[in-house]
1. Tell me the carbon and sulfur percent of the accessible area for the chain, rounded to whole percent, probe radius 1.4 Å.
2. Is it possible to state the helix-based mean residue ellipticity at 222 nm for the chain, with each DSSP H run of 4+ residues giving -39500 (n - 2.57), the sum divided by total residues, to the nearest 500 deg cm²/dmol? What is it?
3. Over the heavy atoms of Arg56, what accessible area does a 1.4 Å probe trace out, to the nearest 10 Å²?
4. Report relative contact order for the chain in percent, whole number only (criteria: Cα-Cα under 8 Å, sequence separation at least 6).
5. What nm distance separates the two modelled labels at Arg16 and His51, each placed 7 Å from Cα along Cα→Cβ?
6. Note down, for the stretch 36-78, the three equivalent ellipsoid semi-axes (square root of 5 times each alpha carbon gyration tensor eigenvalue), biggest first, whole angstrom.
7. What value does the chain have for Rg/Rh, both radii from Cα atoms and Rh as Kirkwood defines it?
8. Towards the positive end of the charge dipole of the chain, with charges on Cβ (+1 Lys, Arg; -1 Asp, Glu), say which of Ala80, Ala19, His47 has the farthest Cα.
Amino acid sequence: MNVAKELSGRAKAMLRAVAAGRAQLTGGREPDLYVDGLPCCDQMVTHDLVHAGLLRARRAVGLDERTDAVLTEEGRAAIA
């Protein structure tokens, strides 16, 4: 399966923001993504990207906390 071909333009833009160090994730099983300090407009895509293993939180945090979002190897490959 080629993940990059299945991603929307919005999903790829979200991954590029993570790659640029501009994104944070909240804690929990369904984390929220913040880009440049603002909540991302499509949390369902965020959840899909996390569950697909394309991005993750740098460290474990509580539900009301944030930490840097980082790409996995698969996430980097999806936007290469």
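The values are calculated or read from the model by the stated rules, or taken from the named source; none is laboratory data. All of these numbers come straight from a predicted model, not from anything done at the bench. So basically every Cβ, Gly included, is an ideal-geometry build from the backbone, and we count neighbours across all protein chains shown. Heads up: the accessible areas ignore ligands, DNA and RNA and are worked out on the full protein's heavy atoms, side chains in. Shrake-Rupley method; radii C 1.70, N 1.55, O 1.52, S 1.80 Å.
1. 51
2. -9500 deg cm²/dmol
3. Only protein atoms counted, so the area is about 120 Å².
4. For the chain, the relative contact order is 34 percent.
5. In this crude label model, Arg16 to His51 measures out at 2.6 nm.
6. Gyration-tensor ellipsoid for the stretch 36-78: 17, 13, 10 Å.
7. 0.93
8. Positive-end residue among those listed: Ala80.
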